[in-house]
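Read through the structure below, which is laid out as structure tokens, and then see the notes.
The values are calculated or read from the model by the stated rules, or taken from the named source; none is laboratory data. Predicted, not measured: the structure shown is a model, and the values here were computed from it. Cβ placement follows ideal geometry from the backbone for every residue including glycine, while neighbour counts extend to all protein chains displayed. Side chains are part of the model used for accessible areas, which takes the heavy atoms of the whole protein and leaves out ligands, DNA and RNA. Shrake-Rupley method; radii C 1.70, N 1.55, O 1.52, S 1.80 Å.
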Amino acid sequence: MSIQEISKHAVLPPIISRSDKEFLESMQRYIITETERVGCNEEGPADEYYIIYRNVFDKVIEYVTAYKSILTSIKKEYDAFIERIKKDQRTAFNLHGKLKVLAAEPTTLVYHRKRTIQLEANHQRLQIIFYALTSWVKSDMSSSFQDFVKQMEKTKDLYGDQGIVEELCEDPSKTKEAEILLYYIERFNELISLGEYEKAICFAANSPRRILQNIGTVNKFKAVGKIRGKPSPLLLFFEAVFSTSHAHRRPVNAELTLEGIKCGLSEKRLDLVINWVTQERLTFSEEAGDVICAYGEQNAHYKAKCLALAQIIYNECSVHNKAVLCLCKQGQIHEAMQYIQQFKDLTSDDLMQLIKLCPHHQLIWCLTKEWNGKPPFLSFGLVILHLFSVDMKKVAIKLLQEVNEGGKDVIEHLMINNPFCCLERWQEVASICLQHGFDRLCDDIMSVLRSQAGVTEISEEDDTVNLMEHVFW
């Protein structure tokens with residue numbers, strides 16, 4: 001073997017004495033021979049390559065007696081780092097195998113990817129440490145290992161995204177998080193498969209980071225169905241999740257809240273739903289309010305409670321038109337008017353729709369008259385025309401009867417104090433009154449129109465024009 005070949009694999013510092021030189025050459029020949037025999041190369045982290053250099057290191061320690069203690073300490077640390085790398089590689093391999101089993105679980109996939117990133121960062125750190133350690137051994141070792149590392153970091157002789165000192169001091173507990181989460185998922189699935197639903201429920205409700213509080217878990221309990229003689233596992237799951245919501249900083253999300261409310265109502269447990277909505281930390285949605293309203297429509301006995309409950313949810317979600325509708329359907333007209341006055345973003349179209357859905361006479365009168373010193377929200381004339389246009393003729397006629405009974409003063413007040421309805425539309429109202437037998441009311445409307453400035457009466461003989469025509473000068 002030539003000197004050039006031996007120099008190519010030189011890993012130890014030059015030694016001056018003849019005996020030291022012979023020892024070094026024997027070690028180099030051993031490295032070359034063994035690496036060729038096992039067929040490994042310097043680029044890969046093969047176990048055989050590591051074993052060869054570990055044996056060489058042992059021989060060096062035995063030979064250099066003066067540095068035996070410190071070299072033994074270095075080798076111990078070196079072996080510990082190598083073992084850590086192997087352990088993390090085994091962990092990564094196991095996690096990849098488990099991922100295949102749990103591929104159908106979206107949350108598992110997310111946390112496995114996070115774990116993979118963590119392992120790659122753990123492996124990079126160990127490479128940095130290994131590089132630093134071997135460089136220190138090759139130096140005169142006059143400074144401590146930590147000082148040596150700091151100096152290398154300052155001279156940019158280290159690679160990596162973060163400083164080596166920070167890497168070495170990082171809290172290793174964070175790397176265990178993914179393993180803990182994975183354990184909860186595996187144990188939960190195991191309990192489900194064994195039919196131990198109550199334990200599975202407890203596991204899911206108390207899972208770290210709420211990893212098992214999701215629609216995937218809901219679907220698993222839905223698949224279980226009902227068990228004769230026992231409460232629904234799905235309902236018990238929501239009871240557990242909602243009851244522990246106070247322990248978390250964030251409330252249960254909207255999707256899970258909606259599913260829980262649906263489950264409670266399907267099991268005819270309105271009492272639970274009431275408790276959840278009023279006591280627990282949930283995230284409400286318009287859909288949740290709609291579900292409760294629908295339940296009240298199907299179960300007349302609980303309608304009032306459902307309306308009150310839905311009104312809380314709509315108010316929380318700022319769905320103002322449905323919140324005020326719930327108040328009106330409960331007969332709380334005064335409260336509804338206060339709500340409308342407080343939330344001024346309700347449009348006239350919203351209020352017309354409100355009347356259509358809840359044609360309460362008191363509500364219509366409140367909307368078409370002054371309220372707390374404020375002008376009316378709607379015009380009485382436009383409300384009448386709207387009711388006729390949406391096939392709510394009976395409601396409109398009832399209102400006209402009430403106005404007719406009040407006399408001319410009532411209709412005059414409604415017409416003059418509301419600017420939203422133009423004179424042409426009042427003509428239409430008068431025509432409707434005439435068609436349905438309210439002759440006196442028609443005359444009263446016409447009389448008020450005649451008294452307005454800028455209005456000229458048209459001859460009755462001219463049937464090609466409307467009853468009245470106004471001209472603005």
- Contacts under 6 angstrom Cβ, first residue in region 371-398 being outside any helix (DSSP H, G or I), partner aromatic (Phe, Trp, Tyr), 6 or more apart: Ser379/Phe420
- Picking from Gln341, Gln332, the residue that is free of Cβ contacts under 8 Å to residues at least 24 places away in the same chain and over 21 Å from Glu267 (Cα atoms) would be Gln332
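Restricting to region 261-290, what's the tally of residues that are assigned to a helix (DSSP H, G or I) and open to solvent by 40 Å² or more (accessible area, probe 1.4 Å)?
Counting residues in region 261-290 that are assigned to a helix (DSSP H, G or I) and open to solvent by 40 Å² or more (accessible area, probe 1.4 Å) gives 10.
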- Query: Can you pull out the residues in region 291-301 that are farther than 16 Å from Leu256 by Cα, of a type outside the set (Gly, Ala, Ser) and open to solvent by less than 40 Å² (accessible area, probe 1.4 Å)?
  - Reply: Cys293, Tyr295
- Item | Selected residue (criterion: surrounded by the most Cβ atoms within 10 Å (Cβ to Cβ)) from residues of region 205-235 that are in contact with a Lys or Arg (Cβ under 9 Å, 6 or more places away or on another chain) and in a helix (DSSP H, G or I) | Leu234
- Positions within region 37-51 being open to solvent by less than 60 Å² (accessible area, probe 1.4 Å) and either modelled with pLDDT of 80 or more or under 21 Å from Arg90 (Cα atoms) (or both), in sequence order: Cys40, Gly44, Ala46, Tyr49, Tyr50
- Message: The conditions are (1) assigned to a loop (DSSP other than H, G, I, E, B); (2) buried (at least 18 other Cβ atoms within 10 Å of the Cβ), and Leu307 fails exactly one of them. Which is it?
- Response: (1)
- Task: Just give me the residues in region 186-199 being open to solvent by less than 10 Å² (accessible area, probe 1.4 Å) and in contact (Cβ under 8 Å) with a residue 24 or more places away in the chain, in sequence order.
- Result: Phe188
- Query: Is it true that Glu34 is over 43 Å from the mean Cα position of the chain (by Cα) and at pLDDT below 70?
  - Reply: no
- Query: Looking at Gln362, Gln353, Gln341, which one is part of a helix (DSSP H, G or I) and surrounded by 15 or more Cβ atoms within 10 Å (Cβ to Cβ)?
  - Reply: Gln353
- Query: Mind checking which residues of region 163-188 are at pLDDT 70 or above and in contact with a helix residue (DSSP H, G or I) (Cβ under 8 Å, 6 or more places away or on another chain)?
  - Reply: Glu179, Ile180, Leu181, Leu182, Tyr184, Ile185, Glu186, Arg187, Phe188
- Task: Kindly provide the set of residues from region 322-338 that are open to solvent by 70 Å² or more (accessible area, probe 1.4 Å) and closer than 25 Å to Gly381 by Cβ, ordered by number.
- Result: His334
- Can you tell which of Ser379, Ser348, Ser389 is open to solvent by less than 60 Å² (accessible area, probe 1.4 Å) and among the polar types (S, T, N, Q)? Ser379
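Could you tell me whether Arg450 is at pLDDT 85 or above and loosely packed, with under 15 Cβ neighbours inside 10 Å?
Criteria not met by Arg450.
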